[in-house]
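The values are calculated or read from the model by the stated rules, or taken from the named source; none is laboratory data. Everything numeric here is computed off the predicted structure, so don't read it as measured data. Cβ: placed from backbone, ideal geometry, glycine included. Neighbour counts: every protein chain shown. Surface accessibility is based on the protein's heavy atoms, side chains included, excluding ligands, DNA and RNA. Shrake-Rupley method; radii C 1.70, N 1.55, O 1.52, S 1.80 Å.
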Protein chains: 2
Amino acid sequence: MIHIRDAAPEDVPAILSLIRALAEFEKQPDAVVATEADLLRDGWGPQKRFSCRLAELDGAVVGFALWFYNYSTWEGRAGLYLEDLYVSPEARGRGLGERMIVDLAQIAVREGLRRLDLSVLDWNPARDFYHRLGLQHRSDWQLYRITGEALAALAAKAE
Amino acid sequence: MIHIRDAAPEDVPAILSLIRALAEFEKQPDAVVATEADLLRDGWGPQKRFSCRLAELDGAVVGFALWFYNYSTWEGRAGLYLEDLYVSPEARGRGLGERMIVDLAQIAVREGLRRLDLSVLDWNPARDFYHRLGLQHRSDWQLYRITGEALAALAAKAE
């Protein structure tokens, strides 16, 4: 009834729908500019930038977990960074989210990755879910970002 | 006098020394279990897991910036995640840190990456430095991690 599997190129439309649904949940419905061509190139092209696992319920795709390799210079090993995890509202309450996290932990162990990392919005109830599964809040670390025109301006800075 | 360049396999001992120096600065001197063989495998092996740029002052390696590709499902593009940036104390005050960040921004622009991300400890004065260069604190995002025995236990969880 529940089945977790690798995503394939023909799943890209379903993945993009789930990405859009997650962006809506995160109150940024217009933030998704990614196209099917982008995901196809970056998930299955010569420069693979992410991996994706899908959750099926009775044969229908109802959730996704998209991740990539990060790196720990202290461990001298790659880690698994979970960028997106999402289960459709109609499929919740059946343990699919937990099944997907356990599946990712198994991938990490199998590939010799030393950690599973992710980021959560501070109002997202999923924080309790992650905490219950044993993930620790790294409260002393703060995220910084530069993007768009500010990034271009930084790159153009005279030496 | 100042030169920024790609790291090469023969730089691995210098990189590991700088990684250890950064761990000491971050008050975790014993956290570095990485070996030269680890860095060689992950930086120059068949599965490349990171890239590294070095700062030279008068021909001596005095700083490093180690990064990898992350991924934005909203942008449908990879980004540049800066894992470590470090300049030796004796070489500070000459703008090497800024030169290295500008260099990374140029790599990002050249490769079509849409963002430059990093994490900083909440007591690290480097936060002011990053803010001055235009990076924004993403204060609504919280980092979570599972590692070691907890990760193994999660992977072994019965379905």
Name the single residue that is modelled with the lowest pLDDT among those in segment B:110-127 being surrounded by 17 or more Cβ atoms within 10 Å (Cβ to Cβ) and at the interface with chain A (Cβ under 7 Å from one of its Cβ atoms). B:Arg114
Which residue pairs have Cβ atoms closer than 6 Å, lie 6 or more positions apart in sequence or on different chains, and pair a first residue in segment B:25-46 that is more than 8 Å from every other protein chain (Cβ to nearest Cβ) with a second residue that is in a loop (DSSP other than H, G, I, E, B)? B:Gly43/B:Phe50
Which residues, counting only those in segment A:32-54, are open to solvent by 20 Å² or more (accessible area, probe 1.4 Å) and either at pLDDT below 95 or of a type outside the set (Gly, Ala, Ser) (or both)? A:Val32, A:Val33, A:Thr35, A:Glu36, A:Leu40, A:Arg41, A:Trp44, A:Pro46, A:Gln47, A:Lys48, A:Arg49, A:Arg53
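Is there a residue being surrounded by 15 or more Cβ atoms within 10 Å (Cβ to Cβ) and facing chain B (nearest Cβ under 7 Å) anywhere in segment A:85-98? Steps first, answer last, please.
Filtering segment A:85-98 down to residues surrounded by 15 or more Cβ atoms within 10 Å (Cβ to Cβ) leaves A:85-88, A:91, A:96-98.
Those left that are additionally facing chain B (nearest Cβ under 7 Å): none.
Checking segment A:85-98: not a single residue is surrounded by 15 or more Cβ atoms within 10 Å (Cβ to Cβ) and facing chain B (nearest Cβ under 7 Å).
Find the strands (runs of 3 or more DSSP E) located wholly in segment B:29-117 whose residues include 2 or more that are under 27 Å from A:Leu16 (Cβ atoms), and list them.
Working: elements: B:51-57, B:60-72, B:77-87.
Per the criteria, B:60-72, B:77-87.
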Selected residue (criterion: farthest from B:Ala126 (Cα to Cα)) from residues of segment B:55-84 that are within 9 Å of another protein chain (Cβ to nearest Cβ), open to solvent by 20 Å² or more (accessible area, probe 1.4 Å) and in contact with a strand residue (DSSP E or B) (Cβ under 7 Å, 6 or more places away or on another chain): B:Tyr69
